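The values are calculated or read from the model by the stated rules, or taken from the named source; none is laboratory data. Just so it is clear, the model here is predicted, and its values are computed rather than measured. Because the Cβ atoms are built from the backbone with ideal geometry, glycine has one as well, and the counts that use them run over all protein chains shown.
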């Protein structure tokens with residue numbers, strides 16, 4: 001089950017049923033099933049609080065993914081800062097909705113086993129994001 005929640009922000013204008021179907025399709029393309037996925041949309045202050053409390057990181061970020069995956073069933077809590085998504089969209093010259101979908105799927109790709117911190121991994125993640133975004137029917 002995929003749930004959509006908010007803390008300190010309004011729910012973004014995404015089509016939840018379509019987004020959930022897309023997330024499941026992307027997971028399936030990696031041989032994964034979707035278990036319990038919770039999207040929690042927050043503001044910058046809340047993402048900073050979560051980053052400090054759980055990861056001991058003192059900075060803003062667009063997404064924090066808590067991975068509870070077992071076997072081929074992906075599960076996790078995905079905290080997304082809508083403030084940072086908006087800032088990044090402006091910085092990269094991308095539409096807000098596109099950047100939001102990129103971040104939504106970024107967390108799923110992490111749960112599917114794709115990393116972005118090591119050498120060459122950022123490029124692999126971006127390619128996976130682009131491939132996933134191409135599957136999104138709007």
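Looking only at segment 41-50, decide whether some residue is in contact (Cβ under 8 Å) with a residue 40 or more places away in the chain, within 21 Å of residue 134 (Cβ to Cβ), buried (at least 20 other Cβ atoms within 10 Å of the Cβ) and touching a helix residue (DSSP H, G or I) at 6+ places or on another chain (Cβ under 8 Å). No: zero hits. With respect to the conditions (1) surrounded by 18 or more Cβ atoms within 10 Å (Cβ to Cβ); (2) touching a helix residue (DSSP H, G or I) at 6+ places or on another chain (Cβ under 8 Å), residue 125 lacks only one, and its number is (1). Condition check for residue 27 on (1) over 16 Å from residue 109 (Cβ atoms); (2) in contact with a helix residue (DSSP H, G or I) (Cβ under 7 Å, 6 or more places away or on another chain); (3) in contact (Cβ under 8 Å) with a residue 60 or more places away in the chain: one failure, at (1). Output yes when any residue across segment 80-89 is part of a strand (DSSP E or B), out of contact with any strand residue (DSSP E or B) (no Cβ under 6 Å at 6 or more places or on another chain), modelled with pLDDT of 95 or more and surrounded by fewer than 18 Cβ atoms within 10 Å (Cβ to Cβ), and no when none is. Within segment 80-89, not a single residue is part of a strand (DSSP E or B), out of contact with any strand residue (DSSP E or B) (no Cβ under 6 Å at 6 or more places or on another chain), modelled with pLDDT of 95 or more and surrounded by fewer than 18 Cβ atoms within 10 Å (Cβ to Cβ). Filtering segment 1-37 to residues that are under 19 Å from residue 99 (Cβ atoms) and exposed (fewer than 14 other Cβ atoms within 10 Å of the Cβ) leaves 10, 11, 13, 15, 16, 18. Taking each residue of segment 108-133 that is within 24 Å of residue 35 (Cα to Cα) and looking for partners that are in a loop (DSSP other than H, G, I, E, B) with beta-carbon atoms closer than 6 Å, six or more apart or interchain, yields 111/69; 112/30; 112/32; 125/114; 125/116; 128/114.
Cβ-Cβ contacts under 7 Å between residues 6 or more apart (or on different chains), taken from a first residue in segment 71-86 that is touching a residue at least 60 places away in the same chain (Cβ under 8 Å) to a second residue that is outside any loop (DSSP other than H, G, I, E, B) and buried (at least 23 other Cβ atoms within 10 Å of the Cβ), are listed as 82/41. Inside segment 87-100, residues that are free of Cβ contacts under 8 Å to residues at least 40 places away in the same chain and under 22 Å from residue 66 (Cα atoms) make up a count of 2.
Would segment 61-74 turn up any residue that is in a helix (DSSP H, G or I) and in contact with a helix residue (DSSP H, G or I) (Cβ under 8 Å, 6 or more places away or on another chain)? Scanning segment 61-74, I find no residue that is in a helix (DSSP H, G or I) and in contact with a helix residue (DSSP H, G or I) (Cβ under 8 Å, 6 or more places away or on another chain), so the answer is no. Within segment 101-138, the set of residues being in contact with a strand residue (DSSP E or B) (Cβ under 8 Å, 6 or more places away or on another chain) and either farther than 19 Å from residue 65 by Cβ or assigned to a loop (DSSP other than H, G, I, E, B) (or both) comprises 112 only.
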